[in-house]
Structures are given as structure tokens and as C-alpha cells.
1. Can you return the lysines within cross-link range of residue 102? Criterion is Cα-Cα under 27 Å, with same-chain partners fewer than 8 residues away left out.
2. Less than 11 Å Cβ to Cβ from residue 83, Lys/Arg counted +1 and Asp/Glu -1: what total charge do the surrounding residues give?
3. Given just the C-alpha atoms of region 73-160, how large is their convex hull per residue in cubic angstrom?
4. Computed on alpha carbon atoms, what radius of gyration and Dmax characterise region 1-96, expressed in Å?
5. Taking every Cα atom in region 113-160, find the radius of gyration and the maximum pairwise distance Dmax, and write them in Å.
6. Any idea how far apart residue 147 and residue 126 come out in nm if each label point goes 7 Å out from Cα toward Cβ?
7. Please report, to two decimal places, log10 I(q)/I(0) for region 9-48 at q = 0.14, 0.25, 0.29 Å⁻¹ as given by the Debye formula with identical point scatterers on the Cα atoms and no solvent.
8. What percent does the relative contact order of region 113-160 come to when contacts are Cα pairs within less than 8 Å and at least six residues apart?
Amino acid sequence: MENYTFREQPVDTDIRGIASILDSSGFFNKEEQEVGVSLVRERLEQGVGCGYFFQFAQQNGLVRGYTCFGPIPGTKSSYDLYWIAVEGTCRGQGLGTMLLKKSEEEIRTRGGTRIYIETSSSALYQPTRSFYMRNGYQMEAELQAYYAPGDNKLIYVKSW
């Protein structure tokens, strides 16, 4: 595993870095990519009050992966993991797991007891679903034809 540094606070250059990671991943369409980048912008403009929190993994000054998570409004201790993405050249090396663990630790520190993650049932996302299950998440719900006919929304959860 290469040397990575981790940080929580976004900086302006993260906008470009996150856009590049999401674009090169092959998992996210343009609209989804714009949403991912917009959450970084929102945090930079509004601070922690916006409810979005991050973990960034850097190597040689470049962002190689990140997570975005936040408390679910109206719940006592539930959180959503909105985004987890790793640069293609860094996949399969444990960076995603490290980012996920750091996010889980931060959520626990903030009093969180449950984390929800949503993903697609399409074949493209089989590695994503396997990743979540390897990291202790269980499928809690399936919403039929949510994204498109034959493409269901799967909701995973981990609690402690």
C-alpha cells in the first residue's frame, strides 16, 4: 500500500480532484458526477452546518479517494454514506476500505449507530455490493425498478 495521508476538511482543489475521480471511475453518469462535486462546493461555502462530512485520501498532494457522509435529518443516530470513490489506478489496494473505516470511526465519534448506503442492482455495481458486504454491511431493503426498469435500488446498513 502506497503512503496516503488522510484529512477531513475540503479545500478548493478537491473540486477538480473529485470530478476527475468520479469521471474516470466508469460508475457515475454526468448528472451523478455533478451532484458529487456539488456537495464539496456546498461544504466549502456553508461549512459544517450543511451536514456533509468528508474523508479525503491524498498521495503526493493529489486526492486519490474520498467519502462523503452525514447525519440523516429526523433521526437520532443514523447516517448516510453518500459517496465513496477511489481513483481507478488505486482500486483493489485497500484504499476504499481504509476510507470506509475512517468514515465509520468519525460517525461513531459523532454518536452515530447506523450507516445506510444506497446502490444499484445492475451488474456494473456487483463489485460495489461485494465491497459493502465484505465490510460488514447487510442488505436491508430493495426498491424495485427505482433507477430504471430492471435496475433496483439496494439499501445496505451497518450498525453497532
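Just so it is clear, none of the values below were taken in a lab; they were calculated from the coordinates. Fair warning: this is a prediction, and the values are worked out from it, not measured in the lab. Backbone-built Cβ (ideal geometry, glycine too); neighbour counts: all protein chains shown.
1. The reachable lysines, counting only those whose Cα sits under 27 Å from residue 102, are 76, 153, 158.
2. Values: positive: none; negative: 32, 80, 118.
Overall, the nearby charge balance is -3.
3. On the way: hull volume 9.2 nm³, N = 88.
It is 104 Å³ per residue.
4. 13.2, 40
5. Over region 113-160's Cα set, Rg and Dmax evaluate to 10.7, 34 Å.
6. Going from the residue 147 label point to the residue 126 one covers 1.5 nm.
7. -0.28, -0.77, -0.94
8. On the way: 75 pairs, mean separation 24.1, N = 48.
The normalised contact order for region 113-160 reaches 50 percent.
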